[in-house]
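Read through the structure below, which is laid out as structure tokens, and then see the notes.
Computed from the coordinates by the stated procedures, all read-outs in this text should not be read as laboratory data. Bear in mind that the values here come from a model prediction, so they are computed numbers and not experimental data. Ideal geometry is used to build each Cβ from the backbone, glycine not excepted, and the neighbour counts take in all protein chains shown.
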Amino acid sequence: MIALFVSLDAFERALRRIPPTRTNRRLELALMLAVLASVAAGLWLLVGGARPRDGLHFVWAVIAFGAIPVAGSLGRRWDPDPRPRAIATLVGGVVSIAAILRLYGTG
């Protein structure tokens, strides 16, 4: 749900050419913390003996966790124009949503 909010927020910022605010950064941090908590829970299950059905489950977890930071760092490389940064965050949010959905699918 948080990934959807990050994506919608980035979409609005891209349309209006609004630079990111403290609230936007906090929302992205909340997404990273939520994914990190899920990764920690998955590692706890792994230590307990449970295994995912798909071996790529671990790769999807890394993608879900890293999509927003990578998008943020790529977005900072452009000019001060806020639109490319917002588009990069939007792409990162969509990638994060897709990876999270794939993670739930492979359980």
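Give a residue-ordered list of calculated ³J(HN,Hα) values for region 5-22 (Karplus: 6.51 cos²θ - 1.76 cosθ + 1.60, θ = phi - 60°; whole Hz; x for Gly, Pro).
5, 4, 5, 5, 5, 5, 4, 5, 5, 5, 5, 8, 6, 9, x, x, 10, 4
What angle do you read, to the nearest 10 degrees and between 0 and 90, between the alpha-carbon axis of helix 82-106 and the longest principal axis of the chain?
Between helix and principal axis, roughly 20 degrees.
Take each of the peptides 29-38, 64-73, average the number of other beta-carbon atoms within 10 Å over its residues, and list them starting from the highest.
64-73, 29-38
Just want the ordering: ASP81, ASP9, from fewest to most Cβ atoms lying within 10 Å of their own Cβ.
Lowest count first: ASP81, ASP9.
To the nearest 500 deg cm²/dmol, what mean residue ellipticity at 222 nm is calculated for the chain from DSSP H runs of n ≥ 4 alone, each contributing -39,500 (n - 2.57), summed and divided by the residues?
-27500 deg cm²/dmol
Sorted by mean Cβ packing within 10 Å, highest first, what order do the peptides 87-94, 98-105 take?
The most tightly packed comes first, giving 87-94, 98-105.
Please list the equivalent ellipsoid semi-axes of region 2-106, computed as the square roots of five times the alpha-carbon gyration tensor eigenvalues, in descending order and whole angstrom.
29, 12, 11
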